[in-house]
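Single-structure report; data block below.
The values are calculated or read from the model by the stated rules, or taken from the named source; none is laboratory data. Just so it is clear, the structure is predicted and the values come from calculations on it, not from any experiment. Ideal geometry is used to build each Cβ from the backbone, glycine not excepted, and the neighbour counts take in all protein chains shown. Surface accessibility is based on the protein's heavy atoms, side chains included, excluding ligands, DNA and RNA. Shrake-Rupley method; radii C 1.70, N 1.55, O 1.52, S 1.80 Å.
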Amino acid sequence: MTAKEEKYDLIYRQIASLIEGEDEEMSVLANVAALLHEAMGFLWTGFYMVRNEELRLAPFQGPVACMHIKYGKGVCGTAWKEQKTQVVRDVEEFPGHIACSSLSRSEIVVPIYNKSGEVVGVLDIDSKEIGTFDETDRIWLEKISDLLTQHLYY
């Protein structure tokens, strides 16, 4: 196991313990964003939730962010539309990227599903560096998304 995988394994276990028995959506999302952000040192770590046919800003850590994202727009809206994790090596190369912060250089967005398989939100993480996110990030962040589905979205 690589150092990055070991770090994610520890984070995953910490999140599982932290949210065990909890069902208040915003409280859980706030603590998950805080834990991921502090442990990994990302520029921005947070959630957008589907509300009224758009993604709305939910708990996050980092600089101020966009509050509304339309279906299929930007990296977050694309992850929602395609129901697939988006790993963006360089945001400047992503067509239609929404620049909430000029400091963001790479991004990963992981859909969060309810038990029926519908996207209810996304986990969005930005980095100041190009090429921060890889397959290890995708695998572990999808596991964290699955954990949220199990605990919150029946």
Length gained, residue 113-residue 54, 0.36 nm per residue minus C-alpha separation, equals 19.7 nm
Once amide hydrogens are built 1.01 Å from N within the peptide plane, the residues lying 5 or more places from residue 44 or on another chain with amide H under 5 Å from its amide H are 126
Over 20 Å (Cα to Cα) among 70/128; 7/73; 73/115; 84/143 -> 70/128; 7/73; 73/115
Using alpha carbon centers only, the range 107-128 is separated from the range 13-79 by a whole-angstrom value of 8
Residues whose modelled amide H sits under 5 Å from the amide H of residue 112, counting only those 5 or more places away in sequence or on another chain, are 120, 121, 122, 123
In the chain the cysteines whose Cβ sits 4.7 Å or more from every other Cys Cβ are 76
In the range 58-124, the GluC sites (Glu not before Pro) that sit in a DSSP loop and have at most 15 other Cβ atoms within 10 Å of their own Cβ are 118
Other residues with Cβ under 14 Å from the Cβ of residue 134 give, with Lys and Arg +1 and Asp and Glu -1, a net charge of -3
With every protein chain kept in place and a 1.4 Å probe, the residues 48, 71, 113, 153 fall, from largest accessible area down, as 71, 113, 153, 48
Interchain or sequence-distant (5+) residues whose placed amide H lies within less than 5 Å of the amide H of residue 51 are 56
Yeah, the range 1-58 with a ≥ b ≥ c from its alpha-carbon gyration tensor (a/c under 1.5 is rounded, else prolate when a/b outruns b/c, oblate otherwise) is oblate
Summing +1 per Lys or Arg and -1 per Asp or Glu among the other residues with Cβ less than 9 Å from residue 125's Cβ gives -4
A chain fully extended from residue 38 to residue 23 at 0.36 nm per residue, minus the present Cα-Cα distance, gains in nm 3.1 nm
re the range 24-89: pairs of Cα atoms spaced beyond 15 Å account for a percent value of 55
Note on the range 82-146: the mean projected area of its alpha-carbon convex hull, in nm², is 4.4
Percent of all Cα-Cα pairs per 10 Å bin for the chain, counting from 0 up to the last occupied bin, reads 12, 45, 36, 7, 0
By the DSSP-based rule, helices of the chain that are at least 20 Å long along the axis (C-alpha) and have a mean Kyte score of at least 0.0 are 25-40
To the nearest Å², the heavy-atom accessible area per residue of the chain with 1.4 Å probe amounts to 50
Compactness summary of the range 50-125: radius of gyration and Dmax from Cα atoms, Å, are 11.7, 36
